[in-house]
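Student: Here it is, the structure in full.
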Amino acid sequence: MSNIVAKAQQAVMGSQGDKSNDLAKETKEISDKDRLTTDYGVKQSSADDWLKVTSQDKQGPALLEDPFARERIMRFDHERIPERVVHARGAGAFGTFRVLESPSDLTFAPVLTDTSRETPVFVRFSTVLGSRGSADTVRDVRGFAIKFYTQEGNWDLVGNNIPVFFIQDAIKFPDVIHAAKPEPHNEVPQAQTAHNNFWDFQFNHTEATHMFMWAMSDRATPRSYRMMQGFGVNTFTLLNAKGERHFVKFVYTPTLGVHSLVWDEALKLAGQDPDFHRKDLWEAIENKAFPKWKFGVQAIPEADEHKFDFDILDATKIWPEDLVPVRYFAELELNKNPDEFFTQVEQIAFCTSHVVPGIGFSDDPLLQGRNFSYFDTQISRLGVNWQELPINRPVCPVMNFNRDGQLRHTITRGTVNYYPNRFDAVKPATVKEGAYVEYAEKVAGLKARARSAKFKEHFSQAQLFWNTMSQVEKNHIINAFAFELDHCEDPVVYERMVNRLADIDIGLATTVAEMVGGDPPKEATRPNHGRKAPGISMLEFPGEKPTIMSRRIAILIADGYDPVAYNAAYGAASAAMAVPFVIGPRRAKVMSAGGLHSVTPHHHFEGYRSTMVDAIFIPGGVDAIRTLSTNGRAQHWVREAFGHLKAIGATGEAVDFVNKCIALPAVTVSDSEEAHESYGVVTMRHIKPDGLRDAVNIAKGCTGFF
Ligand code: HDE
């Protein structure tokens with residue numbers, strides 16, 4: 001019998017620890033050697049014509065008897081599966097997780113302690129509210145879910161890019177999502193929080209106050225999935241070999257820094273390039289600019305659970321980093337794009353309830369509800385056997401007596417399907433063999449539909465967040481509220497919300513009210529404690545070192561461009577692993593000054609927009625600049641890029657062109673012979689290859705900030 005079990009196990013598992021090999025077994029490559037067949041393997045002679053009764057001069061009816069045509073149409077008719085009820089829009093990639101320094105005082109989980117391991121992972125990023133086809137750059141929380149294919153089973157860490165949540169208790173989840181999704185009568189608006197129902201819900205749930213401050217901040221408009229932090233949000237536990245337990249929050253911080261789009265960019269990109277984030281991730285991985293995150297935890301010993309003025313099990317609260325510092329000990333890298341979207345990014349399914357020995361849950365009421373919801377939703381999305389799908393199945397052995405159901409895939413040999421049985425087959429594992437054992441937590445209390453006392457305080461951390469923001473971040477938050485509440489037509493909604501803002505900051509409330517209407521109180525309705533905390537302002541995360549690696553740089557040219565400046569800029573950008581895009585008046589040969597060189601631009605001025613790049617560079621050239629000066633769209637490129645705080649480089653005649661486009665008295669675009677930088681505009685009248693490298697370095701610094 002044990003032989004049979006071993007064989008069956010082999011059929012189910014992949015080669016140990018290697019998810020790529022495991023997936024390769026199910027992956028087919030298309031080639032010109034392939035011949036078209038039906039799903040049942042019979043070769044087909046035509047993919048163009050349905051079987052018909054026909055003759056040369058008369059077209060007769062199509063025949064229902066054609067099994068090939070029927071199969072194609074039937075398969076097509078059933079291609080769609082339900083999209084995720086939240087987080088429907090997403091992108092994903094494969095990667096690796098490595099432990100750099102073992103936190104064995106916290107946990108015995110090998111995935112978090114074994115420095116010799118490389119655990120394969122799949123990460124799926126997402127927006128929350130939009131449908132599968134919605135735009136990437138909308139204002140929203142981003143999902144950041146990691147599936148770790150560990151030797152001890154799959155561990156799913158289903159996080160977000162914002163460390164807190166709207167509600168404290170999972171029972172409210174359907175309400176917060178219904179209120180935020182398109183309204184029920186007309187299914188409007190798509191992927192937006194800017195509507196009556198969302199803000200009505202926020203007002204009615206004071207516990208959401210902290211979270212909506214984050215959602216109105218620049219965190220909700222990331223520049224790239226690669227430039228977002230990730231947070232497990234809920235409180236988990238780690239168990240060490242001595243049996244000691246810590247409460248933990250998982251944190252992952254990108255080495256590229258935390259950067260955002262400005263709102264105007266995000267709005268425009270939603271129309272100009274709805275796949276902006278998806279493409280950005282893909283492009284970076286293809287260019288081998290592999291995104292990386294430092295991975296760590298905030299840990300609180302079990303004995304200290306009640307030492308804080310907030311409940312550490314409340315998911316609407318952060319653990320301020322001055323009280324509980326983050327301890328980084330591992331790194332996460334994404335290094336391979338998926339082969340097929342549907343079978344990998346769409347079919348991947350996460351469950352917060354899936355943890356491995358050494359990692360556990362807490363009594364966080366949001367987490368406990370999540371632990372029920374994820375498995376359940378996969379059943380309606382993918383069917384009960386969803387864990388057998390290639391992207392979801394573990395790389396370690398799987399064996400049990402869960403059987404049958406729709407689309408059961410595994411064939412298990414043996415005459416019994418229950419335990420205990422006369423063969424002693426498929427016995428429970430011992431601790432030594434790696435069994436998951438629940439922590440023996442002592443629990444006592446009365447059953448009640450209630451939350452503990454500390455869960456009732458809802459404003460302190462909303463103030464903490466606001467107090468910590470830099471002036472620039474505060475301005476962006478004010479503008480976000482002004483935009484959102486302007487989209488609420490019902491005065492009850494925006495007037496009440498303006499009043500609510502006075503619970504956080506009276507200046508915020510009055511400034512927003514001036515724009516959207518409403519009558520806020522004359523004074524703050526709640527005293528501000530004045531506290532700030534580290535780890536909140538995005539400005540604290542500029543990145544490990546300024547880099548233009550994987551940043552997009554547009555080089556604007558026209559006939560007569562200066563080939564020396566062009567080549568120097570293109571070369572310097574490529575050498576620094578940035579992604580240069582040449583933009584010209586047409587996607588056909590553009591001749592240099594002197595007619596010795598030519599370039600075929602990647603895009604023309606109308607086909608691309610400044611929103612899609614991080615910086616622009618314009619080489620001089622008398623004729624080229626004459627053309628650009630009479631082209632409204634080319635001027636718009638410069639003005640818009642400047643308005644979005646992007647680095648702009650110009651040499652030779654282009655210096656005057658940029659100067660004219662910007663035309664702001666406060667900004668002096670230098671006429672210097674040397675490289676000169678002001679307001680992110682880098683200019684040099686006479687180009688020297690060395691000077692240009694300076695310019696690119698300055699541009700690096702500038703792009704790093706926005
Ligand atoms: Fe989720 N959430 N969630 N959520 N969530 C889902 O599961 C749910 C919450 C998060 O890329 C669903 O597979 C409840 C917090 C991400 O596939 C569903 C509650 C956080 C993803 C679900 C929450 C998240 C989901 C829908 C309140 C941040 C996308 C499809 C108790 C830590 C995963 C699915 C992916 C997806 C339920 C709150 C993150 C319905 C009941 C807090 C990143 O099961």
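Student: Restricting to the stretch 357-370, give me the number of residues that are surrounded by 19 or more Cβ atoms within 10 Å (Cβ to Cβ) and either outside any loop (DSSP other than H, G, I, E, B) or within 11 Å of the ligand (Cβ to nearest atom) (or both).
Tutor: 7
Student: Working only within the stretch 230-251, note down all residues that are closer than 17 Å to Cys351 by Cβ and outside any strand (DSSP E or B).
Tutor: Residues satisfying the conditions are Gly232, Val233, Asn234.
Student: In the stretch 331-349, which residue that is in contact with a Lys or Arg (Cβ under 6 Å, 6 or more places away or on another chain) and not aliphatic (A, V, I, L, M) is nearest to the ligand (Cβ to nearest atom)?
Tutor: Glu333
Student: Return the pair list, or none, for Cβ contacts closer than 6 Å from residues in the stretch 144-160 that are over 11 Å from Phe250 (Cβ atoms) and in contact (Cβ under 8 Å) with a residue 12 or more places away in the chain to residues that are away from the ligand (no atom under 16 Å from the Cβ) and among the basic types (Lys, Arg), at least 6 apart or on different chains.
Tutor: If the second residue must be away from the ligand (no atom under 16 Å from the Cβ) and among the basic types (Lys, Arg), the pairs left are Tyr149/Lys19.
Student: Before we move on, is Asn197 within 8 Å of the ligand (Cβ to nearest atom) and modelled with pLDDT of 95 or more? Lay out the reasoning, then the answer.
Tutor: Details: within 8 Å of the ligand (Cβ to nearest atom): no; modelled with pLDDT of 95 or more: yes.
It is false that Asn197 is within 8 Å of the ligand (Cβ to nearest atom) and modelled with pLDDT of 95 or more.
Student: Moving to a separate point now. Here is a check on your reading of the model: is Ala179 surrounded by 23 or more Cβ atoms within 10 Å (Cβ to Cβ), assigned to a helix (DSSP H, G or I) and either near the ligand (Cβ under 10 Å from one of its atoms) or over 19 Å from the mean Cα position of the chain (by Cα) (or both)? Steps first, answer last, please.
Tutor: Details: surrounded by 23 or more Cβ atoms within 10 Å (Cβ to Cβ): no; assigned to a helix (DSSP H, G or I): yes; either near the ligand (Cβ under 10 Å from one of its atoms) or over 19 Å from the mean Cα position of the chain (by Cα) (or both): yes.
No, not satisfied.
Student: Which pairs turn up if I take residues in the stretch 340-366 that are over 25 Å from Trp319 (Cα atoms) and at pLDDT 95 or above and look for partners that are part of a loop (DSSP other than H, G, I, E, B) and within 14 Å of the ligand (Cβ to nearest atom) with beta carbon separation below 6 Å, at least 6 apart in sequence or on another chain?
Tutor: Gln344/Pro338; Gln344/Ile391; Val345/Pro338; Gln347/Leu389; Gln347/Ile391; Ile348/Ile391; Ala349/Asn392
Student: Moving on. So which residues in the stretch 371-385 are more than 10 Å from the ligand (Cβ to nearest atom) and part of a helix (DSSP H, G or I)? Working first, answer last.
Tutor: As a first pass, look at the stretch 371-385 and keep what is more than 10 Å from the ligand (Cβ to nearest atom): 379, 383-385.
Listed by number, the list holds a single entry, Ile379.
Student: Then there's this: Determine whether Phe166 is assigned by TED's automatic domain parsing to the domain that holds Leu367, within 9 Å of the ligand (Cβ to nearest atom) and surrounded by fewer than 19 Cβ atoms within 10 Å (Cβ to Cβ). Give the steps one after another, and end with the answer.
Tutor: Details: assigned by TED's automatic domain parsing to the domain that holds Leu367: yes; within 9 Å of the ligand (Cβ to nearest atom): yes; surrounded by fewer than 19 Cβ atoms within 10 Å (Cβ to Cβ): no.
It is false that Phe166 is assigned by TED's automatic domain parsing to the domain that holds Leu367, within 9 Å of the ligand (Cβ to nearest atom) and surrounded by fewer than 19 Cβ atoms within 10 Å (Cβ to Cβ).
Student: Applying the selection to the stretch 437-476, what residues are more than 20 Å from Ile318 (Cβ to Cβ) and in a helix (DSSP H, G or I)? Can you show your working first?
Tutor: Of the residues in the stretch 437-476, the ones more than 20 Å from Ile318 (Cβ to Cβ) are 437-450, 471-472, 475.
Those that are more than 20 Å from Ile318 (Cβ to Cβ) and in a helix (DSSP H, G or I): Gln471, Val472, Asn475.
Student: Going residue by residue through the stretch 322-330, is there one that turns out to be hydroxyl-bearing (Ser, Thr, Tyr), surrounded by fewer than 18 Cβ atoms within 10 Å (Cβ to Cβ) and away from the ligand (no atom under 16 Å from the Cβ)? Talk me through it step by step, then tell me what you get.
Tutor: Narrowing the stretch 322-330 to residues hydroxyl-bearing (Ser, Thr, Tyr): 328.
Filter again for surrounded by fewer than 18 Cβ atoms within 10 Å (Cβ to Cβ), leaving 328.
Filter again for away from the ligand (no atom under 16 Å from the Cβ), leaving 328.
Scanning the stretch 322-330, I find at least one residue that is hydroxyl-bearing (Ser, Thr, Tyr), surrounded by fewer than 18 Cβ atoms within 10 Å (Cβ to Cβ) and away from the ligand (no atom under 16 Å from the Cβ), so the answer is yes.
Student: In the stretch 531-558, which residues are farther than 30 Å from His602 by Cα and among the charged types (D, E, K, R)? Before the answer, list the steps.
Tutor: Looking only at the stretch 531-558, we keep the residues that are farther than 30 Å from His602 by Cα, and these are 531-542, 544.
Answer for the stretch 531-558, where residues must be farther than 30 Å from His602 by Cα and among the charged types (D, E, K, R): Arg531, Lys532, Glu540, Glu544.
Student: When you scan the stretch 133-142, do you find a residue that is more than 9 Å from the ligand (Cβ to nearest atom), under 15 Å from the mean Cα position of the chain (by Cα) and not in a loop (DSSP other than H, G, I, E, B), even just one? Talk me through it step by step, then tell me what you get.
Tutor: From the stretch 133-142, those more than 9 Å from the ligand (Cβ to nearest atom) are 133-140; that's our starting set.
If we keep only those that are under 15 Å from the mean Cα position of the chain (by Cα) as well, we get 134-140.
Cutting the leftovers down to not in a loop (DSSP other than H, G, I, E, B) gives us none.
No, there is no match, as no residue in the stretch 133-142 is more than 9 Å from the ligand (Cβ to nearest atom), under 15 Å from the mean Cα position of the chain (by Cα) and not in a loop (DSSP other than H, G, I, E, B).
Every residue, every condition in (1) in a strand (DSSP E or B); (2) touching a helix residue (DSSP H, G or I) at 6+ places or on another chain (Cβ under 6 Å), yes or no:
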{"position": "Thr253", "(1), (2)": "yes, no"}
{"position": "Ala266", "(1), (2)": "no, no"}
{"position": "Leu269", "(1), (2)": "no, yes"}
{"position": "Arg278", "(1), (2)": "no, no"}
{"position": "Ala299", "(1), (2)": "yes, no"}
{"position": "Ala303", "(1), (2)": "no, no"}
{"position": "His306", "(1), (2)": "no, no"}
{"position": "Leu313", "(1), (2)": "no, no"}
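Student: When only residues in the stretch 118-128 that are within 16 Å of the ligand (Cβ to nearest atom) and not hydrophobic (A, V, I, L, M, F, W, C) count, which is farthest from Asn154 (Cα to Cα)?
Tutor: Going residue by residue through the stretch 118-128, those that are within 16 Å of the ligand (Cβ to nearest atom) are 121-128.
Still in the list and also not hydrophobic (A, V, I, L, M, F, W, C): 124, 126-127.
Values: Arg124: 15, Ser126: 20, Thr127: 23 Å.
By that ranking, first place goes to Thr127.
The values are calculated or read from the model by the stated rules, or taken from the named source; none is laboratory data. None of the values given here were measured: they were computed from a predicted structure. FYI the Cβ positions are ideal-geometry reconstructions off the backbone, even for glycines, and counts take in every protein chain you see.
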